[in-house]
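A short reminder: the numbers here are calculations on the coordinates, not readings from a lab. These numbers were taken from a predicted model, which means no experiment stands behind them. Cβ sites come from the backbone with ideal geometry, for glycine too, and all protein chains shown count toward neighbours.
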Amino acid sequence: MITNLVLVEHPTHPTTLYPFSILHLPWELRYGAMTIIETWLRLTGTTLLDCLGRPAHRTSFYARFPEYRGHQLGVGTVLVISSRLLPTKEVVRQITRHACGNPPQCFYAGSELVALSCSLHQWEQLAAHDWHDLERSVTPSWQKHELRNAPLLTYLWDLFVYGDATIAEQFEFYADHTIHHADYGSGSVAVLNAEAIAVGENSSIAPLVVLDASAGPIIIGNNVTIMPQATIIGPCAIGDHSVIKVGAKIYPNTIIGPWCKVGGEVECTIFQSFSNKQHDGFLGHSFISEWVNLGAGANTSNLKNTYRPISVELPSGKVATGRTFLGLLCGDHTKAGIATMFSTGTVVGISANIFGAGYTPTVIPSFTWGGINEQRLYALDVALDTARRSMARRNRQLLPEEQALMQAEYQRVLAK
């Protein structure tokens, strides 16, 4: 029986999950209506034993989420998961069918080791620090299994591929909140396929809202406000305390985390949490980290005029995504002024203050001030002050552990 869960950051993810990886670990990513770590815990029914990753990021993770500090049960089997492997019911079913403490079991996706199970004593003997340590620990005596249909995470845009299936699979966790036409007795809310729409407690849906779950479920969390004349087309997930503004058009495969404010036209986009795009403007096939604010009339291009596949520039070099649609990848604490126009496949680091006329360059480093007609370096003390002020508006504070990561990124930018 699996009782303990360990998540391990894959060595490639600090680079490939940029810019989210600047301040975060992979399992914080939103994956449907939950984060990756929430989904693993829910599907496996385990207790979190530990999360292994870059030391400073691990310290920041536990500071921000003290509820995840390891709680060793002292018995049972430890399931160790690479951050490359994404959680699905089918993957968990295959793992639990074979997982046991003795002998250790190894699980592969193709030729890649993505998970293993062993006894608690064996795990303590491994003394692993990263995934490479675990790969080196595998011996011929360990039993090996091939996982079928195992989704793997390499880049942020991979999450767009799995969004619809993930929301559909997670809907059963929210089925107790399925709405009925009687819930909106005035008839002023248009509900299509009510059985596939779940609305949490204390959420408010205004008149003239359209909820269309014909093509996939809609999951609305607790204390969500949906203002008049908004249209939401599933599959879609909206997190607790978020606000959907008047007349918003939310298209399929959009995932909005908690405490976000979203308006305008949004398609196949992930908002992590505490980020705003309140006004008109288009945002498509984009990833928005935390504490981001996109000003009125900000727009993204997510399709080239040539219809050719899109490449992006990451710190490690140019990556051919193979995708026809890809918009903005935006790091934490970045702000964009009114009418900002993001080019196709734009990558923005953390704490950038973007403004100016015309299209943005496709690469905007962290702590950029301006970014269009000119690029200057945002003063670190001012950037940190802005972060503190924006977080205080949501009764949050910038923790020393987060500040340390921001300072490290600033030094990296300075050194280039």
*Would you mind telling me the antiparallel percentage of the DSSP bridges in the range 197-321, rounded to 5?*
10
_For the range 255-267, Karplus couplings with θ = phi - 60° (6.51, -1.76, 1.60), whole Hz, Gly/Pro x_ = 10, 10, x, x, 6, 10, 10, 10, x, x, 10, 10, 9
*Considering only the other residues whose Cβ falls under 10 Å of the Cβ of T324, what net charge follows from Lys and Arg at +1 and Asp and Glu at -1?*
+3
_Sequence gap at least 6, Cα distance under 8 Å: using those rules, report the relative contact order of the range 13-84 to the nearest whole percent._
25
*Would you please calculate the Kirkwood hydrodynamic radius of the range 281-416 over all C-alpha pairs and express it in Å, rounded to one decimal?*
15.3
*When D158, D381 are ordered from fewest to most other Cβ atoms inside 10 Å of their Cβ, what list results?*
D381, D158
*Considering only the chain, what is the antiparallel percent among its DSSP beta bridges, to the nearest 5?*
25
*the range 281-361: chymotrypsin sites (Phe, Trp or Tyr not before Pro) in DSSP coil with no more than 11 other Cβ atoms inside 10 Å*: Y307
_Among L52, S214, P315, whose Cα projects farthest towards the positive end of the dipole of the chain, with charges put on the beta-carbon of Lys, Arg (+1) and Asp, Glu (-1)?_
P315
_Just to be sure I follow the rule: in the chain, considering lysines 8 or more places apart or on different chains, how many pairs have Cα atoms under 18 Å apart?_
9
_Cut-off is 10 Å between beta-carbons; in what order do V382, V348 appear when sorted fewest neighbours first?_
V382, V348
*Local net charge near S82, Cβ-Cβ under 11 Å (Lys/Arg +1, Asp/Glu -1)*: -3
*Residue among I37, H285, S351 farthest towards the positive dipole end of the chain, charges placed on Cβ*: S351
*In deg cm²/dmol, rounded to 500, what helix-only [θ] at 222 nm does the chain give when every DSSP H run of at least 4 residues adds -39500 (n - 2.57) and the total is split over its residues?*
-6500 deg cm²/dmol
*the range 1-126: Rg/Rh from Cα coordinates, Kirkwood Rh?*
0.94
*Please list, in chain and number order, the residues 5+ apart from K144 or on another chain whose amide H is under 5 Å from its amide H, with Hs placed from the backbone.*
C106
*Sequence-distant or interchain residues sharing an amide H contact under 5 Å with V363, placed H: which?*
V347
*Within the range 114-252: Cβ-based charge dipole about Cα centre, in debye rounded to nearest 20 (Lys, Arg +1; Asp, Glu -1)*: 320
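What range in the chain is the longest one free of GluC sites (Glu not before Pro) that are in a loop by DSSP and have at most 12 other Cβ atoms within 10 angstrom?
Here the longest segment lacking exposed loop sites spans 1-200.
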_Within the range 332-360, name every residue whose backbone N is under 19 Å away from a label modeled 7 Å from Cα of T306 along the Cβ vector._
343-347, 359-360
